[in-house]
Amino acid sequence: MEAGMDLLHSSGVEMVQYLQVNYRDSQSWFTFISVAADLRNTFYVFFPIWFHLYEAVGIKLIWVAVIGDWLNLIFKWFLFGHRPYWWVHETTLYTNSSVPTLQQFPLTCETGPGSPSGHAMGSSGVWYVMITAFLTFGLQKKFTGFQKWCLHVLLWGVFCMIQICVCTSRVFLAAHFPHQVFTGVISGVAVAEAFGRINAIYNASLKKYLQITLFLFSFALGFYLLLKMLGVDLLWSVEKAQRWCARAEWVHIDTTPFAGLVRNMGALFGLGLALSSSIYTESCKGKRGQQFSFRFICIVASLITLHLFDLVKPPTQREFLFYFLSFCKSATVPLAAAAFVPFCVSQVVHRQEKKEL
């Protein structure tokens, strides 16, 4: 078993070296792809756009992103996957003189275990939701059979190209082995496909959101504490990142397993708060909420507001405070996009209409 994993890892390292040597000039492109594939863009960009265009898709995006990333954390804790940038230094496969040289970048030194890739899993799940939504809208048009076939080929071709770019980016940066990004893509698609069959998420009450948020957090925390009592530290990968990262400043607390957990729990809870609020009902469910001009203004205002809000970073000096503020910040994102911004836009439009009268 160990020999097989060594062979898989060593062939993966060769792929990393091949990409870094032959596509060195594409570093900025691969870095951009990794940044774009970060799950936070689902909350700050894709969610506000889709929520105001087609609410059900926006809601599904949050659920797929949150549950997918939570499952990714659990998988990582079970699989104990290494990352290329530290594995080459710790394996006994190489002698001191033959350790492969892997270039590191500011996005390389993520602190969680490597398998499966969170970027690949999140990207495939989120884009699967959006592509299927585009197909659903397209099939409602009066297209011929050939036109529908072309639409399927085009959209799934776009999906495949995006996933190839994301996977290649993660391997180029030495953050993942090829098999880790492949399993990430498959896992993300499976999560998205599963939520395509769960209709209860669209009518869930605030109580249900709270129950699920508490269950997910309690399960992850309980699993961590149980294993710690048994002598297994699930944060073993943080030490390896700190030890083998080329620069200490590239190791960020917001890449730790618990940082992702609290962000996701905050986003899910914030969505529940937004959908159960009276200001959401007043602004998005009324006659004005059906107008495209109103929705478009809400999209633009939400994107600007969330961009400015994202510039505010929680302090990292105290770990517990960082996690608490990260939860609050993440909860505010869907709350602002789905409730506060539409309410403010609605009030401005209402006052403008009064002046015109």
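The Cα-based radius of gyration and maximum Cα-Cα distance (Dmax) for segment 44-103 are 19.8, 58 Å.
Using alpha carbons only, what's the Rg to Rh ratio of the chain with Rh from Kirkwood?
With Rg and the Kirkwood Rh in hand, the quotient comes to 1.01.
Only protein atoms count toward the accessible area here, which uses a 1.4 Å probe; on the chain, the carbon and sulfur part of that area reaches 66 percent. Axis of helix 178-195 versus longest Cα principal axis of the chain: the two differ by about 30°, to the nearest ten degrees. Using the beta-carbon distance between Ile164 and Leu303 and R0 = 25 Å, what value does 1/(1 + (r/R0)^6) give for FRET efficiency, to the nearest 0.05? According to the calculation, E is roughly 0.35.
In order along segment 42-48, phi translates into HN-Hα couplings of 5, 6, 8, 10, 5, 4, x Hz, rounded to whole numbers, per the Karplus curve 6.51 cos²θ - 1.76 cosθ + 1.60 with θ = phi - 60° and x for Gly and Pro. The long axis of helix 341-356 is offset from the longest Cα principal axis of the chain by roughly 30 degrees. In the chain, the longest principal axis of the Cα atoms and the axis of helix 257-276 are about 10 degrees apart.
Once both labels are positioned 7 Å from their Cα atoms along Cα-to-Cβ, the gap between Glu14 and Val348 label points is 5.8 nm. Working note: Karplus 6.51/-1.76/1.60 with θ = phi - 60° gives segment 130-145 the couplings 6, 5, 5, 5, 4, 5, 4, 5, x, 6, 6, 7, 8, 9, 6, x Hz, where Gly and Pro are set to x. Left without a cysteine partner by the 4.7 Å Cβ rule in the chain: Cys150, Cys160, Cys165, Cys167, Cys284, Cys298, Cys328, Cys344.
Taking segment 288-327 and a reference point 7 angstrom along Cα→Cβ of Leu206, the backbone N atoms nearer than 20 Å belong to 327. Across segment 178-301, the fraction of Cα-Cα pairs farther apart than 26 Å, rounded to a whole number, is 47%. When nucleic acids and ligands are ignored and a 1.4 Å probe is applied, Met5 ends up with an accessible area of around 70 Å². At 1.4 Å probe size, what's the solvent-accessible area of Lys207? Round to the nearest 10 Å². That residue has around 140 Å² of solvent-accessible surface.
Each label was represented as a point 7 Å from its Cα along the Cα-to-Cβ direction; for Ile198 and Phe137 these points are 2.5 nm apart. Taking the inverse of the mean 1/r over every pair of distinct Cα atoms in segment 1-122 gives a Kirkwood hydrodynamic radius of 16.6 Å. Over the Cα atoms of segment 291-348, the radius of gyration divided by the Kirkwood radius equals 1.12; this is the Rg/Rh ratio.
Centroid-to-centroid, using Cα positions, segment 148-195 and segment 85-99 are 30 Å apart. Hydrodynamic radius of segment 187-255 by the Kirkwood approach over all distinct alpha-carbon pairs: 15.7 Å.
With every protein chain in place and a 1.4 angstrom probe, the accessible-area ranking of Arg247, Arg197, largest first, reads Arg197, Arg247.
Treating r as the C-beta distance of Thr144 and Ala190 and R0 as 35 Å, the FRET efficiency rounds to 0.60.
Rounded to two decimals, what is Rg over Rh for segment 266-314 when you use alpha-carbon atoms and the Kirkwood radius? That ratio equals 1.04. About its Cα centre, segment 1-141 has a charge dipole of approximately 400 debye under the convention of +1 per Lys or Arg Cβ and -1 per Asp or Glu Cβ, with nothing else charged. Within straight-line reach of Lys240, meaning a Cα separation under 13 Å, sit the following aspartates and glutamates at least 8 residues removed in sequence or on another chain: Glu90, Glu110.
Average accessible surface for the chain: 51 Å² per residue, computed with a 1.4 Å probe over protein heavy atoms with every protein chain in place.
Rounded to whole numbers, the Karplus 3J(HN,Hα) couplings from phi for segment 156-170 are 6, x, 4, 4, 5, 5, 5, 5, 4, 5, 5, 5, 5, 4, 5 Hz, using 6.51 cos²θ - 1.76 cosθ + 1.60 with θ = phi - 60°, and x at Gly and Pro.
The values are calculated or read from the model by the stated rules, or taken from the named source; none is laboratory data. Bear in mind the structure is a predicted one, so any value in this text is a computation, not a measurement. Please note: Cβ atoms are built from the backbone with ideal geometry, for glycine as well, and neighbour counts cover all protein chains shown. Surface accessibility is based on the protein's heavy atoms, side chains included, excluding ligands, DNA and RNA. Shrake-Rupley method; radii C 1.70, N 1.55, O 1.52, S 1.80 Å.
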